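The values are calculated or read from the model by the stated rules, or taken from the named source; none is laboratory data. Computed from a predicted structure; not experimentally measured. Quick reminder, even Gly has a Cβ in these numbers, built from the backbone with ideal geometry, and neighbours come from all protein chains shown. In case anyone asks, the SASA skips ligands and DNA or RNA and just uses the protein heavy atoms, side chains included. Shrake-Rupley method; radii C 1.70, N 1.55, O 1.52, S 1.80 Å.
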Amino acid sequence: MAKCAGAQLYTVREYARTPEGIAEVFARVRKIGYKTVQASGLGPIAVDELAAIAKANDISIVITHTPYDQFVHDLDQVIRDHHTLGCTIAGLGAIPKELRHEEGYRAFARQFSAIADELARNGLKFSYHNHHFEFQSFGKRRGIDILIEETNPETFLFTPDVYWIQVGGGDPAAWIRKLKGRVEAVHLKDLTIIDEQQVMTEILAGNLNWPAIFDACEEAGVKWYLVERDAGPTEAFESLRISYENLKTVGFE
């Protein structure tokens with residue numbers, strides 16, 4: 001069965017600042033060929049309008065990035081919004097900067113385990129997206145270890161970002177396997193070197209070990225493969241197009 005490439009809309013956030021811009025983004029992403037997206041980096045828009053735009057373009061929103069404060073202060077609305085979107089995974093983009101220390105990670109794990117459990121009681125799932133800073137060590141454990149070990153594996157999922165795992169000194173394939181059973185979505189972005197500088201680039205255009213990553217994703221049961229490019233020299237939609245075409249050469253649709 002072919003794997004389905006999706007688009008992380010944070011890639012084209014500069015085009016998605018208004019409802020009209022968001023509608024155009026969905027149309028352009030669908031024209032490239034993407035049928036699934038992560039709703040992230042979008043400007044203000046009514047949830048029912050966003051759901052209608054997705055439906056009109058035959059695109060499924062399979063995961064979000066929801067603000068930390070909204071999870072903490074208005075979880076009921078988060079739940080209602082995700083049901084409106086038909087989206088079962090409520091994602092968080094990062095732990096707040098002020099919590100990026102050992103006790104902060106532990107406090108976050110306690111708080112968001114409870115939030116993840118409440119989401120599960122309402123038919124949803126919580127998923128945490130990593131960067132590189134979670135790989136900082138605090139004595140014998142890294143931040144990522146605390147998040148894995150001190151959260152409920154049944155309800156607290158992860159969205160591994162293969163680029164940031166690599167930057168953090170990890171092996172993306174090994175970490176995806178480690179998270180088996182706790183990962184439904186993964187962020188795909190590649191890493192290259194230009195003028196001696198580390199740069200994000202299109203999938204299969206850089207230096208990540210993609211055969212190993214894709215094998216690990218299949219073993220871990222990944223459902224959603226989301227293409228992302230935070231920044232880089234190629235125009236954002238063109239970057240999504242190149243990655244999509246490259247992924248088609250290795251069995252994606």
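The table below lists the values:
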| quantity | calculated |
| --- | --- |
| Selection count, the range 9-21, where residues are within 16 Å of ILE53 (Cα to Cα) and touching a strand residue (DSSP E or B) at 6+ places or on another chain (Cβ under 9 Å) | 1 |
| From the options PHE133, PHE126, PHE71, PHE112, residue that is at pLDDT 95 or above, out of contact with any strand residue (DSSP E or B) (no Cβ under 8 Å at 6 or more places or on another chain) and surrounded by 14 or more Cβ atoms within 10 Å (Cβ to Cβ) | PHE133 |
| Within the range 217-242, tally of residues that are within 21 Å of PHE158 (Cβ to Cβ) and either open to solvent by 50 Å² or more (accessible area, probe 1.4 Å) or modelled with pLDDT under 95 (or both) | 4 |
| Failed criterion for VAL183 (all others in (1) open to solvent by less than 10 Å² (accessible area, probe 1.4 Å); (2) closer than 16 Å to PHE252 by Cβ; (3) in contact with a strand residue (DSSP E or B) (Cβ under 6 Å, 6 or more places away or on another chain) hold) | (2) |
| Restricting the range 150-159 to residues that are more than 17 Å from the chain's Cα centre (by Cα) and closer than 22 Å to HIS187 by Cβ, the residue that is surrounded by the most Cβ atoms within 10 Å (Cβ to Cβ) | THR151 |
| Every pair of residues 6+ apart whose Cβ atoms lie under 9 Å, when the first sits in the range 136-147 and is open to solvent by less than 10 Å² (accessible area, probe 1.4 Å) while the second is among the hydrophobic types (A, V, I, L, M, F, W, C) and in a strand (DSSP E or B) | ILE144/PHE158; ILE146/PHE138; LEU147/PHE156; LEU147/PHE158 |
| Residue that is farthest from the chain's Cα centre (by Cα), among those in the range 42-51 that are surrounded by fewer than 20 Cβ atoms within 10 Å (Cβ to Cβ) and under 14 Å from LEU9 (Cβ atoms) | ILE45 |
| Strands (runs of 3 or more DSSP E) fully within the range 140-207 counting 1 or more residues that are touching a Cys at 6+ places or on another chain (Cβ under 7 Å) and at pLDDT 95 or above | 185-188 |
